[in-house]
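A.B. asks: My questions all concern the structure below.
Every read-out reported here was derived from the displayed coordinates using simple, explicitly stated rules and does not represent laboratory data. A quick note: this is a predicted structure, and the numbers were derived from the prediction, not measured. We place every Cβ from the backbone using ideal geometry, glycine too, and count neighbours over all the protein chains shown.
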Amino acid sequence: MGGIVIELQREALDEKISIESLIRKAYLVAKKLKLKEFEEWLNQEQNGYKKEIPEYRNITGEIKAWNPYHGWIPMILPAKVADIASRMPIPNSISSLLDVYNSSEDRVAFSVNGAMTEFFNNSIDFMPTKYAFFVSKSELYRIMSTVRNKILDWALLLEENGIVGNEMTFTDVEKRIAIDTPIINNYINNFYSKVSDVDMKQG
């Protein structure tokens, strides 16, 4: 049986391996190597984000308003508001994104939280109502594919630095290399951008 890092690479390349299973194995590797930041990133992918959200989780879509007579209708927004409203961060766990992806048609609707609802109600000349963010399900696939690719790149980086493991264990030398190598220990630094915390859920 090969080292767990090589297994991780192999599974990252295999689309038949679920993204949830891949994240769990990567989490195990990060935990054993004591790579706290990467471990925390994987934990948030599994359980959802509470604060800062990675740049790749900003998705492009369209805000629509609920009209009691016509259903969901496109919104005519001021230019500066329309630009902001076309992209939103998605904090949901990877498993919930996968469930929505597998159970939805070509487009997915996410409900907008109270703060954003108030913002839109104050930005347009229309009766107060509820809003939803409509996106192509390909945006959800892009998020899951990005996570898979980042895990693969990370596993390749570990191997390049002599960290492969022996079955499911690592030597003290491998653990020390992981902690002392900045490009490994600080790997997630370029994942994030400054975004507002928007609570969204499946509509």
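A.B. asks: Ranked by Cβ crowding within 10 angstrom, fewest neighbours first, how are Tyr187, Tyr69 ordered? Each step should come with its number before you reach the end.
C.D. replies: Working: Tyr187 20, Tyr69 5.
The order, fewest Cβ neighbours first, is Tyr69, Tyr187.
A.B. asks: At 0.36 nm per residue, minus the direct Cα-Cα distance, what do Ala82 and Lys50 gain on full extension? Give it in nm, one decimal, please.
C.D. replies: Working: separation 32, 0.36 × 32 = 11.52 nm, distance 2.53 nm.
9.0 nm is the gain from fully extending Ala82 to Lys50.
A.B. asks: Measuring from label point to label point, each 7 Å out along Cα→Cβ, what is the Ser96 to His70 span in nm?
C.D. replies: Taking the two extended label points, one gets 3.1 nm.
A.B. asks: Based on alpha-carbon positions alone, could you give the equivalent ellipsoid semi-axes of the chain from the gyration tensor, as √(5λ), descending, whole Å?
C.D. replies: Numbers: eigenvalues 319, 57, 27 Å².
So the equivalent ellipsoid measures 40, 17, 12 Å along its semi-axes.
A.B. asks: Quick one: Kirkwood hydrodynamic radius for the range 56-136, alpha-carbon pairs, angstrom, one decimal?
C.D. replies: Values: mean 1/r = 0.0741 Å⁻¹.
Radius from the Kirkwood sum: 13.5 Å.
A.B. asks: How are the Cα pair distances of the range 15-67 distributed, in percent, across 5 Å bins from 0?
C.D. replies: 4, 16, 20, 18, 17, 9, 6, 5, 3, 1, 0
A.B. asks: Label Thr171 and Ser104 with points 7 Å out from Cα along Cα→Cβ: what is the distance between them in nm?
C.D. replies: 4.7 nm
A.B. asks: Rounded, prolate or oblate: which fits the range 1-92, taking a ≥ b ≥ c as square roots of the Cα gyration tensor eigenvalues, rounded meaning a/c under 1.5, else prolate when a/b beats b/c?
C.D. replies: Working: a/c = 3.57, a/b = 2.54, b/c = 1.41.
Since a/c reaches 1.5 and a/b is larger than b/c, the shape of the range 1-92 is classed as prolate.
A.B. asks: So how strong a dipole does the range 56-136 carry about its Cα centre when Lys and Arg Cβ are +1 and Asp and Glu Cβ are -1, to the nearest 20 debye? Display every interim value, and only then the final one.
C.D. replies: On the way: 6 positive and 7 negative charges, 24 e Å.
For this selection, approximately 120 debye.
A.B. asks: Which Cα, out of Asn67, Val173, Leu28, lies furthest along the positive dipole direction of the chain (beta carbon charges, K/R +1, D/E -1)?
C.D. replies: Asn67
A.B. asks: When the chain is fully extended, how far beyond the present Cα-Cα distance does Asp153 get from Ser18, taking 0.36 nm per residue of separation?
C.D. replies: 46.9 nm
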